[in-house]
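Q: My questions will all concern the structure given below.
The values are calculated or read from the model by the stated rules, or taken from the named source; none is laboratory data. Keep in mind that what you see is a predicted model, and the values were worked out from it rather than measured. Cβ coordinates were reconstructed from backbone atoms using ideal geometry, including for glycine residues, and neighbour counts include every protein chain displayed.
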Amino acid sequence: MATAAPTLAPRRPDSRVVLRHHWLVRLTHWLNAIAIIILLMTGLNIFGAHPRLYWGDAGSVDQREQLWLETGASPPWRNPTGWIEIAGTRFDTTGFIGVSQSPKGTTSFVAFTHWATLPSGRDLATARTWHFFFAWVIILNGLAWLLYGLFSGRLLREILPKRRQLTRAHLWHDIVEHAKLNFPKGEAALSYEVLQRFAYAGVTLVLIPTVILTGLAMSPGMNAAWPWLDALWGGRQSARSVHFLAMSGIAGFLLLHLVLVVLSGPIRQIGAMITGRMTIGGDK
């Protein structure tokens, strides 16, 4: 008895597979993702060694006039309260900041909970070693991405907003479409819209360079070689504060980016960033 040949689902005549991302873009994307996550987690561990932020050149527990952010814990010690205080306003953050549960189930008085830091316990030396190593990863990786973007034209073509996208009507339309979760399809999916361009340009051309420069400004060796780095931010403690704020901006972008990837179709989006190819046309 003859076996019937398997029936293949007909391919939509108006769909096609296109190369969406160059191999260097994909490589730098994943290296950046790994480096940023490790830098965030080791940075929180380092912050825990002195969980306070100041403006100016010097800061200590006795110099509270320049203090603008602090984390800590308050009694009763049988049921302590964790908190973060920003510009004089205190917020209860028990369970995540100030007071949390250790891996062994005991109460832990640390700036950030163990699952948000690397290493998971207090270990300033190891955290600094990993932090400095991945700082160089993101510097070299970022230079490769930037040089490719400049010489290939991708920076102007896909990252920086175009003049026609900066009109009030275009900006408002993109805001409304994102609010409705209406993501580009077909040919429109091959180009970033204005909000995406602002986000990518802000992170890659503003926040990451700011983190790098403020990190260098906090290094005594770099201060000796380039004294202007320290003065650029108004002092070493100001550089540390700006470093923390820029890092927080990158963390916020990363979280929003992951949410939008999930909402817009994670298999398609992640697949395109792995293989470089994307199917467009039809209902894609």
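Q: What residue, of 77, 68, is out of contact with any Lys or Arg (no Cβ under 8 Å at 6 or more places or on another chain) and part of a loop (DSSP other than H, G, I, E, B)?
A: Selected residue: 77, the only one of 77, 68 that is out of contact with any Lys or Arg (no Cβ under 8 Å at 6 or more places or on another chain) and part of a loop (DSSP other than H, G, I, E, B).
Q: Now, a different point. Are any of the residues in the stretch 226-243 at pLDDT 90 or above and under 16 Å from the mean Cα position of the chain (by Cα)?
A: Within the stretch 226-243 (the criterion being at pLDDT 90 or above and under 16 Å from the mean Cα position of the chain (by Cα)), the answer is yes, since at least one residue qualifies.
Q: Also, quick follow-up: Being surrounded by 14 or more Cβ atoms within 10 Å (Cβ to Cβ) and part of a helix (DSSP H, G or I) is the filter here; which residues of the stretch 94-123 pass it?
A: If the condition is that a residue be surrounded by 14 or more Cβ atoms within 10 Å (Cβ to Cβ) and part of a helix (DSSP H, G or I), then 114, 116 are the ones that fit.
Q: Out of the stretch 27-65, which residues are over 19 Å from residue 251 (Cβ atoms), assigned to a loop (DSSP other than H, G, I, E, B) and within 24 Å of the chain's Cα centre (by Cα)?
A: If the condition is that a residue be over 19 Å from residue 251 (Cβ atoms), assigned to a loop (DSSP other than H, G, I, E, B) and within 24 Å of the chain's Cα centre (by Cα), then 49, 50, 55 are the ones that fit.
Q: Would you please name the residue that is surrounded by the fewest Cβ atoms within 10 Å (Cβ to Cβ), looking only at residues in the stretch 70-84 that are farther than 12 Å from residue 111 by Cα and either touching a residue at least 12 places away in the same chain (Cβ under 8 Å) or of a type in the set (Phe, Trp, Tyr) (or both)?
A: Among those residues, the one meeting the criterion is 77.
Q: From the set of residues in the stretch 188-198 that are small (Gly, Ala, Ser) and surrounded by fewer than 18 Cβ atoms within 10 Å (Cβ to Cβ), which is modelled with the lowest pLDDT?
A: 188
Q: Which residue pairs have Cβ atoms closer than 6 Å, lie 6 or more positions apart in sequence or on different chains, and pair a first residue in the stretch 243-271 that is under 21 Å from residue 186 (Cα atoms) with a second residue that is at pLDDT 90 or above?
A: From residues that are under 21 Å from residue 186 (Cα atoms), the pairs are 269/261.
Q: Hey, another quick one. Going residue by residue through the stretch 145-152, is there one that turns out to be touching a residue at least 60 places away in the same chain (Cβ under 8 Å) and on the phi > 0 side of the Ramachandran plot?
A: no
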